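A short worksheet on the structure shown next.
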Amino acid sequence: MKNIIKTLQLLSFLFVAVSCVKPEAEMISMNEDIEDAEIIISESSYMKDRNIAAFHGLPGKYKAIFDNPDVRLGISSSHNSQSGGESVLAFCDPKDKSRLNKAQMNKILINGKNVFSPSTKSGDGSIAEMFGENVSFDLSGMNPSTKGSGKGSVQLYSPAPLRISFPAVSSEGGRYPVCYDQSFTVRWNADTKNKNGVLVVVKWNGAVLFGYDYTSTYVVHSKTFPDNGSAVLPASMFEGIPDTAFCSLILLRGDVESINIDDLDYQVLAETHDMLDFVLISNIIKLYGRDVPTGPTIKS
């Protein structure tokens, strides 16, 4: 068991955050701090190690992201809501590096530019400008084989950079939103031009606030939603995740196509994603009265 004093201090720190959803009337209001909350911790809150990888509903175009092509290439815009860190880059990731050398990579053009040249890598802003626009990927200089599709270029819509707006992170660094697993609401900046929807992923690698971490556990739930700026996650997306688990929320949107060149399968991708870590709560009730001591009451 972890040091209970340090754990309670951390929990009090976390509970300054605002609840991620508005539960039923008797639960905590979304407009109130949930520092006056009572969490029920019991043996049923814990479990054995497990591994789950589930996709809920139809993945649409995002099914291809779970494939294993010979070469995956494209552009990516990533953001981390906790740190505020951002990264925009072009990438080319061959499964077998011996089959794709630098000379061949230099034949790949994105919007007519060799993005893998040193001048582009140094950050001239050209890659960042591609998001929110149609982007042309030209691999024709690599001499497509007659055995392949005969197509050496593809145009994708590269969506506007994605940003999670809710659950929200405190302006003070290092805080995790505390989220209730019922009617879990997610909000982001919608892109009406993106017809492929938004892939929402809930991931748990076994870390918990109370008790021992589940070091051999890995749980991933995924579901695609329309890109309208808001989604309510079904309870099934938290299956296998216990109370007070440290989880990751990942939202991704983009476009993807496949090209066969010289018997190599190329996956061409334009994607943008945002990541947020949070604490998942299942058993939480409102304490009656406003004169209760500040901070949560833990029952075992």
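Every read-out reported here was derived from the displayed coordinates using simple, explicitly stated rules and does not represent laboratory data. Treat the numbers as computed from the prediction; the structure is a model and nothing was measured. Using ideal geometry, Cβ is built from the backbone for each residue, glycine included, and neighbour counts are taken over all protein chains shown.
The stretch between ALA168 and TYR212 holds 13.1 nm of extra length on full extension. This uses 0.36 nm per residue minus the Cα-Cα distance.
Each of LYS223, LYS63 was scored by other Cβ atoms within 10 Å of its Cβ. Arranged with the fewest first, they read LYS63, LYS223. Packing, as the average of other Cβ atoms within 10 Å across residues, places the peptides 96-102, 240-246 in the order 240-246, 96-102, highest first.
Under the simplified labelling scheme, the SER258-LYS61 pair shows an inter-label distance of 1.6 nm, with each label point 7 Å from Cα along Cα→Cβ.
Summing Lys and Arg as +1 and Asp and Glu as -1 over all other residues whose Cβ lies under 11 Å from the Cβ of SER216 gives a net charge of 0. A simple count of charges around ALA160, restricted to other residues whose Cβ falls under 13 Å of its Cβ and scoring Lys, Arg +1 and Asp, Glu -1, yields -4.
Please work out how much length the chain gains when fully extended from GLU86 to ASN189, using 0.36 nm per residue of separation minus the C-alpha to C-alpha distance, in nm with one decimal.
Numbers: separation 103, 0.36 × 103 = 37.08 nm, distance 1.61 nm.
Gain on extension, GLU86 to ASN189, equals 35.5 nm.
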